[in-house]
Amino acid sequence: MRRYILALGAIVVIASTSHAVTLRDRMHGTISKGNHHYEEGEHQQALDRYLAAERLDSLHSVPHFNAGDALYRLGKFPEGAREFLNSSASPADSIAAMSYYNLGNSMFKSGDLKGAAEAYKRSLLIDPDDEDAKYNLEYAIKMIEEQEQESEQQEDKKEQPEDKQDDELAKEKEQQDQGEDEEDKDQSQQGEDEQDQDSEQQRESQPQPEPGEISPEDLERILAAIEASDKDTQEEMLKKAAKRKRITGKDW
């Protein structure tokens, strides 16, 4: 059954006189107290003890390794990564390999997938049989590939010509405006048709003079002109009025 990524988490190194890594008695006591707090789930108290051990010997890898693990448990992954990087310089291959493995876990948790993959590779260079490091490396590489694919897709969307989008919006606006213009035109034409129809109905409702007769409107205009002109002009206007009416009344 495959192990879930970061399944092992960080590994606490217990310093003792029987371990390949030997420490002074005082450092040993300080780390032991830190380990006790760690086992009780008191990770902040454990961290305090490990940092105290670092002050006793800042070059020793064990206090850095255990401090890194306590920081990891506290969710302080970047700080933990720095401690694991310090402990990776250990001359002991077992501590160096575990340091790189935990460094990979911390970087993965921090979102640095490429850094995590590189750390797993370094762990495998020291311990090629570490199945957890192999699995975590494969998982990190897969995540990197997925992120790169998503990034490429987002870039493709960004690179779409803005002019094309503007053209589509302009085309849609033009179609909308055309629809409104057609509607206005139809309404205007309908209004004109209704006015023409009303005028025609009014003309039809009025009594139409027989051919050769003068309409009441023309007669009124003529009479008005007669009152303002002399007799000769009056006769001439009457002739023109009668003639005009006969022409307009002819059936074309």
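Every number in this text was worked out from the coordinates using simple rules, so none of it is lab data. Every value quoted in this text rests on a predicted model; they were computed, and no experiment measured them. Reconstructed Cβ throughout: ideal geometry from the backbone, glycine too, with neighbour counts over all protein chains shown.
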Glu131-Lys157 pseudo-label distance in nm [points 7 Å out on the Cα-to-Cβ vector]: 4.1 nm
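Mind scanning Lys76/Lys157; Lys33/Lys121; Lys33/Lys76; Lys109/Lys134; Lys33/Lys114 and naming the pairs with a C-alpha gap bigger than 26 Å? Mind dumping the intermediate values first?
Values: Lys76/Lys157 36 Å; Lys33/Lys121 33 Å; Lys33/Lys76 21 Å; Lys109/Lys134 17 Å; Lys33/Lys114 36 Å.
Checking Cα-Cα distances, Lys76/Lys157; Lys33/Lys121; Lys33/Lys114 exceed 26 Å.
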Cα gyration tensor shape of the range 48-105, rounded if a/c is under 1.5, else prolate or oblate by comparing a/b with b/c: oblate
Hz values of 3J(HN,Hα) by residue in the range 135-147 - Karplus curve (6.51, -1.76, 1.60), Gly and Pro given as x: 5, 5, 5, 4, 5, 5, 4, 4, 5, 4, 4, 5, 5
